[in-house]
Amino acid sequence: METEAKSRCARRIVVLAVMILALLALIAANINLGSVRISLSEMTRILTGRAADATAADIVWKIRMPRLLAAVLLGGALSLSGFLLQTFFNNPIAGPYILGISSGAKLTVALMMVLVLGSGRTMGSGWMIVSAFVGAMLSMGFVLLISTRVNRASMLIVSGVMVGYICSAVTDFVVTFADDASIVNLHNWSRGSFSGISWGDIRVMTWVVLMTSVLVFLLSKPIGAYQMGESYAQNMGVNIGAFRVELVLLSSILSACVTAFAGPVSFVGIAVPYIVKSLLKTARPLWVIPVCFLGGAIFCLGCDLIARTVFSPMELSISSVTAVFGAPVVIGIMLKKRRGR
Amino acid sequence: MKRTRVLALFLALMLLTVLPGCGKTAENVPASGLGNGTEPVSHMELQYARQFSVDEYADGCRLITVQDDGRYLVVPEGVTAPKGISSDIVVLQRPLQNVYLAATAVMSLIDSLGVLDGIGLSGTQADKWYNDNAREAMEEGRIRFAGKYSEPDYEMILSAGCPLAIESTMIYHKPEVREKLESLGVPVFVERSGRETSPLGRTEWIKVYGVLFDKEEEAQQLFDQQAAMMEEAEKDEPTGKTVAFFYISSSGSAVVRKSGDYVAKMIQLAGGTYIFSDLGEEDSSASTTAMDMETFYQKAKDADVVIYNATIAGELDSVATLVARNPLLAEFKAVKEGNVWCSDQNIYQETMQLGSMVLELHCLLTTDDPAGTQLHYFYHLK
């Protein structure tokens, strides 16, 4: 028994170490690769603050760094958000957008475009970010409101899907009054991108994502108890009603933050937690939460590297790439579930 | 319950953090002068354009003010920018080289001025240019593709030493791109000629590029030529013919130009009457509107001439392909009488040829032999 426990622990440490190495390798690749070639010696000088070429230093510090940090933070947030909802619904294909968050965000972004830009005025990127965040949180709030009346998790999924439909319908209605430019740009927004992230954005998202992630980590114990079943968690002193609200709220804050800064990014929240749990061979939150964050960061860093370099200077939307790698994983989960029946 | 309260507090704190992070709405600052006591010695005379103005200063500097957007001080080669000017003014030192051009309508103006070599980067790929010189320059590598307006390759733009990005009003939908470019030290100039309601106002934007690329006299001459062409077409009595200009979208609705749009004005200048006289206000940012087939049929079926707008929907090769888009079109008077035309896909890139287009419109409205009339920007559908 003891040897088995040791071997499980060793496996987890190895997985964690490999993932940290993979993250470091991808960070190095993201810093080094781009449409402009920067030699290793110049890169070393830039990173140590002794850059001779100011343009190259700007490329690294003002373009590549904020973008890769966004991929790390938002990828981690999305993966964690997915893990929380999968725990909540006890369903491995429950994703962060199942509660209609992306539809709510898209609706408010569409409203901003039609009302502000349609009247000939202009707006800053902050307004787009806040409108997407508010839209996401409003749709989540609506789902939570329903959840206070309905006590079944499955009904919450139905509520989320319905809220998504309502938001999409209202978005279509709003788009009727939009000009061609708004329609094209709304479509582009809904495909997600880490392009154009600034250090100001990084400061805000770091605060939101890291604080929320810490709160999630502090919930490890009740999450672990909840995974054993509601009755078990109740017996362990977990207030199920409040705990469910906390799970949904924290998950929503994380995915709303991603949607606000990068638009909806598909499949990360479903595929990564599943891969992580398979690698760790456990669903224990103490391990899964940090490794999920790490996994999401790795997945998004890799996908973003592909998105911006394969057809450079043309850039692919991040969701196109995450779908290519994430969708097969989801199909795999469904096939495995079917075989398990 | 205590934990839930802590969570609620956290949420409130977080919103407080996020909200002040909002960017400010871009505001037009209609200040006079440069803000250091220097006043303009004269103003560029503009006949039709309403979206920009140019103030001329003693040392050859020009202050371009773009309506509801920014102010740009163009400083001649060899002259130092004046000190103490307002912080909202962007200084552009001539000569401008390696400019990133993401507004397709501008290429025609730049090419006409003969300053294509000032453009180093393009937001449009070579095969998407209808302007031969632009396409050739890209194929030869003199102009490089640097990503679309929505996702530019910031690294390429920065490493090319780009002094200016010329964007269309599409950039208003991607404010983060504009902010990123500006944070990298690349000023963004928004080309608002598409918001001009007069076709000659659109063409008059060539004067802006004349200032930017030191070709003011040439710009004036080219503008005068186009204005003369339009005036020539306007001299004739109105033909009394009504014109429907539209395309059928993928969702099946008819997309038409608004009544105050420059295309409607071009039809009017050519002696025709745009069939939709009451569509939308002139100050709206949208130039087109989608119309359900019922309303479109009721309003346009008796139009004397039908012009299919191929810019977005693609070119047609016959009346049959037009009718295939909607069989109701077969009932149109113009279709029955053979007065159906299709525009070339390039008409929106040819900003500098609006005078020629008005002449062609005049020609297609007055010809007795539509089938035998050969035009450059429009062709007859049989």
Self-check item: From the options B:GLU140, B:GLU136, residue that is more than 18 Å from B:ALA160 (Cβ to Cβ) and out of contact with any Asp or Glu (no Cβ under 7 Å at 6 or more places or on another chain)
Solution: B:GLU136
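Condition check ((1) among the β-branched types (Val, Ile, Thr); (2) assigned to a loop (DSSP other than H, G, I, E, B); (3) within 14 Å of chain A (Cβ to nearest Cβ); (4) in contact with an Asp or Glu (Cβ under 8 Å, 6 or more places away or on another chain)) across all residues:
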residue: B:PRO152; (1), (2), (3), (4): no, yes, yes, no
residue: B:ILE157; (1), (2), (3), (4): yes, no, yes, no
residue: B:GLY161; (1), (2), (3), (4): no, yes, yes, no
residue: B:LYS207; (1), (2), (3), (4): no, no, no, yes
residue: B:GLY210; (1), (2), (3), (4): no, no, no, yes
residue: B:GLN226; (1), (2), (3), (4): no, no, no, no
residue: B:PRO238; (1), (2), (3), (4): no, yes, no, no
residue: B:TYR247; (1), (2), (3), (4): no, no, yes, no
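Across segment A:167-183, what is the number of residues that are of a type outside the set (Gly, Ala, Ser), touching a residue at least 40 places away in the same chain (Cβ under 8 Å) and assigned to a helix (DSSP H, G or I)?
5
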Exercise. Output the residues belonging to segment B:125-150 that are touching a residue at least 24 places away in the same chain (Cβ under 8 Å) and outside any helix (DSSP H, G or I).
Key: B:TRP129, B:TYR130, B:ASN131, B:ARG142, B:ILE143, B:ARG144, B:PHE145, B:ALA146, B:GLY147, B:LYS148, B:TYR149, B:SER150
Quiz item: For segment A:109-141, how many residues are polar (S, T, N, Q) and buried (at least 24 other Cβ atoms within 10 Å of the Cβ)?
Solution: 1
Exercise. Give segment A:129-143 a look and list any residue that's within 8 Å of chain B (Cβ to nearest Cβ) and either under 20 Å from B:SER150 (Cβ atoms) or in contact with a Leu (Cβ under 7 Å, 6 or more places away or on another chain) (or both), or say none.
Key: A:ILE129, A:VAL130
Self-check item: Counted residues, segment B:170-186 - those being more than 7 Å from chain A (Cβ to nearest Cβ) and within 19 Å of the chain's Cα centre (by Cα)
Solution: 2
Practice problem: Consider B:VAL177 carefully, then state whether it is under 15 Å from B:VAL99 (Cβ atoms) and part of a helix (DSSP H, G or I). | Solution: no
Practice problem: Being within 7 Å of chain B (Cβ to nearest Cβ) and not in a loop (DSSP other than H, G, I, E, B) is the filter; apply it to segment A:108-128 and report the residue that is modelled with the lowest pLDDT. | Solution: A:LEU117
Self-check item: Given (1) touching a helix residue (DSSP H, G or I) at 6+ places or on another chain (Cβ under 6 Å); (2) in a loop (DSSP other than H, G, I, E, B); (3) surrounded by 15 or more Cβ atoms within 10 Å (Cβ to Cβ), number of the condition B:ASP302 does not satisfy
Solution: (3)
Quiz prompt | Only one of A:LEU145, A:LEU156, A:LEU210 that is surrounded by 15 or more Cβ atoms within 10 Å (Cβ to Cβ) and aliphatic (A, V, I, L, M) | solution = A:LEU156
Exercise. Evaluate segment A:254-273: report whether one residue or more is more than 14 Å from chain B (Cβ to nearest Cβ), surrounded by 24 or more Cβ atoms within 10 Å (Cβ to Cβ) and either farther than 26 Å from A:VAL204 by Cα or over 18 Å from the mean Cα position of the chain (by Cα) (or both).
Key: yes
Practice problem: Considering only segment B:120-150, state which residues are hydroxyl-bearing (Ser, Thr, Tyr) and either closer than 13 Å to B:LEU101 by Cβ or facing chain A (nearest Cβ under 8 Å) (or both). | Solution: B:SER122, B:THR124, B:TYR149, B:SER150
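Right, A:ILE63: at the interface with chain B (Cβ under 9 Å from one of its Cβ atoms), outside any loop (DSSP other than H, G, I, E, B) and on the phi < 0 side of the Ramachandran plot or not? It would help to see each step written out before you state the result.
On the way: at the interface with chain B (Cβ under 9 Å from one of its Cβ atoms): yes; outside any loop (DSSP other than H, G, I, E, B): yes; on the phi < 0 side of the Ramachandran plot: yes.
Criteria met by A:ILE63.
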Quiz item: Any residue at all in segment A:38-50 that is among the hydroxyl-bearing types (Ser, Thr, Tyr) and buried (at least 20 other Cβ atoms within 10 Å of the Cβ)?
Solution: no
Practice problem: Identify all residues within segment A:172-187 that are crowded, with 17+ Cβ neighbours inside 10 Å and at the interface with chain B (Cβ under 9 Å from one of its Cβ atoms); write none if there are none. | Solution: A:ALA178, A:ASP179, A:ALA181, A:SER182, A:ASN185, A:LEU186
Quiz prompt | Scope segment A:51-60; condition within 10 Å of another protein chain (Cβ to nearest Cβ) and either touching a residue at least 40 places away in the same chain (Cβ under 8 Å) or buried (at least 18 other Cβ atoms within 10 Å of the Cβ) (or both); matching residues | solution = A:ALA56, A:ASP58, A:ILE59, A:VAL60
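Here is a yes/no grid of residues against (1) in contact with an Asp or Glu (Cβ under 8 Å, 6 or more places away or on another chain); (2) free of Cβ contacts under 8 Å to residues at least 60 places away in the same chain; (3) farther than 25 Å from B:LEU200 by Cβ; (4) assigned to a loop (DSSP other than H, G, I, E, B):
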position: B:ASP55; (1), (2), (3), (4): no, yes, no, no
position: B:VAL91; (1), (2), (3), (4): no, yes, yes, no
position: B:MET107; (1), (2), (3), (4): no, no, no, no
position: B:ASP117; (1), (2), (3), (4): no, yes, yes, no
position: B:GLY120; (1), (2), (3), (4): no, yes, yes, no
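The values are calculated or read from the model by the stated rules, or taken from the named source; none is laboratory data. Keep in mind it's a predicted model, so treat the numbers as computed, not measured. Backbone-built Cβ (ideal geometry, glycine too); neighbour counts: all protein chains shown.
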